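> Okay, handing you the structure first.
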Amino acid sequence: MFALDFSGKVVLVTGATRGIGKAIAQSFAACGATVIGTATSQSGADSITEYLGGKGCGVVLNMLEKDSFADFAKIVEEKAGGSIDILVNNAGITRDTLFMRMKDEDWDQVIACNLTAVSKLCQLFMRGMMKKRAGRIINITSVVGEMGNAGQCNYSAAKAGLIGFSKSLAKELASRHVTVNCVAPGFIATDMTAVLSDEIKENAKKSVPLGDMGTADDIANAVLFLASDGASYITGTTLDVNGGLYM
Ligand code: NAP
């Protein structure tokens, strides 16, 4: 049997101010990890430090500002006192509209934030994991990257890209005992879905075999499992947490 005990481990969770990222950060902290969570603003970073209650801190990161990544990595490694053990690429954005009307900027920002920035963070933090010959990278993709969704061509392209990227990276890092996996949430109650109309939400719930939206904790549970010793023989996979929406 394995225990969800992350004592002595340092975890970096992007987009930890709210929603799924906050649930992931809180779950790791509750299981003994030191957590570094990111926010796009200093006030957001301060709120992360506050809710972690001494079990880590918040750091500012804007995934659309790629020139800041190298400095960000230095700050994280300073705070971690060395390289991190677990990287959870959770932060993500949507710029939804039908493809016919999609502006270049909507396409570029979603690909930059949800795919390119994730690859860059993997590159920056995997080096330390490779040296330690241990590590976990968990990328949050989406059911939409697997099944597609009208109005989300940019988002589904980025999230599908993340699945292919993670499989290739899993093959490159396997000999160093660094695993790379994705978690693909379905329809989860967070700020991202709160903006949808009640009608869209009700219809979405009807299409979920388990009959409801998922919670941020449902996703955190899957992430903690993939980060645990119990998942040491799992790499290159995508764990669907979608209530059966896509099988
Ligand atoms: P959310 O509630 O909208 O929270 C988004 C998080 O990302 C926040 O912490 C936000 O930080 C951060 N963020 C936004 N723009 C950023 C940027 N440019 N640079 C860095 N961080 C940025 O989202 P969520 O629903 O929890 O989603 C988390 C992940 O799950 C995303 O990758 C999303 O695509 C994926 N997902 C969600 C669902 C769902 O139904 N909710 C379904 C499938 C997949 P600030 O607070 O500082 O803005």
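Read-outs throughout are calculated quantities, based only on the coordinates presented, and are distinct from any laboratory measurement. All values reported here derive from a predicted model rather than from experimental measurement. We place every Cβ from the backbone using ideal geometry, glycine too, and count neighbours over all the protein chains shown.
> In the structure shown, do any of LYS120/LYS205; LYS120/LYS159; LYS9/LYS79; LYS55/LYS159; LYS131/LYS171 have a Cα-Cα gap over 24 Å, and if so which?
From LYS120/LYS205; LYS120/LYS159; LYS9/LYS79; LYS55/LYS159; LYS131/LYS171, over 24 Å: LYS120/LYS205; LYS55/LYS159.
> Right, something else. By how many degrees, between 0 and 90 and to the nearest 10, does the Cα long axis of helix 42-52 differ from the longest principal axis of the chain?
70 degrees
> A further question on this structure: May I ask you to list the trypsin sites (Lys or Arg not before Pro) in segment 9-38 that are in a DSSP loop and have at most 16 other Cβ atoms within 10 Å of their Cβ?
Answer in residue order: ARG18.
> Placing unit charges on C-beta atoms (Lys and Arg positive, Asp and Glu negative, everything else neutral), compute the dipole magnitude of the chain about its Cα centre in debye, rounded to 20.
The dipole magnitude comes to about 780 debye.
> Now, a different point. Just LEU12, LEU61, LEU196 to compare: in a GNM of the chain, with alpha carbon springs under 10 Å, which one fluctuates most?
Evaluated over the chain, the most mobile residue of the options is LEU196.
> Given only helices, namely DSSP H runs of n ≥ 4 each adding -39500 (n - 2.57), what is the per-residue ellipticity at 222 nm of the chain, to the nearest 500 deg cm²/dmol?
Helix contribution divided over all residues of the chain: -13500 deg cm²/dmol.
> Using only Cα atoms, find the angle between the long axis of helix 117-132 and the longest principal axis of the chain, and express it within 0 to 90 degrees, rounded to the nearest 10.
The angle comes out near 30 degrees.
> Here is a follow-up. Run down the aspartates and glutamates and flag those whose C-alpha is under 19 Å from the C-alpha of LYS22, throwing out any fewer than 8 positions away in its chain.
Within the straight-line cut-off, LYS22 pairs with ASP5, ASP46, GLU50, ASP85, ASP191, ASP217, ASP218.
> With axes computed from alpha carbons, what is the tilt in degrees of helix 216-227 against the longest principal axis of the chain, rounded to the nearest 10 within 0 to 90?
Roughly 40 degrees between the two axes.
> Please give the FRET efficiency for SER43 paired with ASN221, using the beta carbon to beta carbon distance and R0 = 25 Å, rounded to the nearest 0.05.
According to the calculation, E is roughly 0.30.
> Report relative contact order for segment 35-147 in percent, whole number only (criteria: Cα-Cα under 8 Å, sequence separation at least 6).
In percent, rounded to a whole number, it is 24.
> Kirkwood hydrodynamic radius (Cα pairs, Å) of segment 153-247?
14.7 Å
> Per q in 0.11, 0.13, 0.16 1/Å, what log10 I(q)/I(0) does a Debye calculation on the alpha-carbon atoms of the chain return?
-0.54, -0.77, -1.19
> Right, another one. Segment 153-247: which chymotrypsin sites (Phe, Trp or Tyr not before Pro) are DSSP loop and have at most 11 other beta-carbon atoms within 10 angstrom?
TYR233
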